[in-house]
1. Just to be sure I understand: with springs between alpha-carbon atoms less than 10 Å apart, which residue in 56, 34, 20 has the highest mean-square fluctuation in the Gaussian network model of the chain?
2. Just subtract the alpha-carbon distance of residue 58 and residue 45 from 0.36 nm times their residue separation and send over the number in nm, one decimal.
3. Using a ≥ b ≥ c from the Cα gyration tensor of region 5-108 (square roots of the eigenvalues), is it rounded, prolate or oblate, where a/c under 1.5 gives rounded and otherwise the larger of a/b and b/c decides, a/b for prolate?
4. Please compute the modelled spin-label separation between residue 85 and residue 19, points set 7 Å along Cα→Cβ, answer in nm with one decimal.
5. Cβ neighbours within 10 Å, averaged per peptide: list 71-77, 12-18 in order, most packed at the top.
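Only the coordinates and a few stated rules stand behind these numbers; no lab work does. All figures in this text were calculated on a predicted structure; none of them were measured in a lab. Because the Cβ atoms are built from the backbone with ideal geometry, glycine has one as well, and the counts that use them run over all protein chains shown.
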């Protein structure tokens, strides 16, 4: 997740790919748009665009100063779903983005990544 108020005219897929690379070092070969999320309807007009990054390869991490303590690691689908069930993963945007991915898989018959 990231914000780019000074880059509103930039393509959201490009911004998502840039954020992914900055925070994780992962470079996506393909960014697929999954849907939009409103952060706080009635309170804010902020909208988030959700993308599924695939064909990943490792690159350099270049986190902002305030993100230096950020950690990244891989989780299996089972681990993610178990964390949701145990209320360990409760971030509303992440849960909504996960739902968009599941809907994509259900509609198109894609296996879980």
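1. It is 56.
2. Length gained between residue 58 and residue 45: 1.3 nm.
3. rounded
4. Here the modelled spin labels are 2.9 nm apart.
5. 12-18, 71-77
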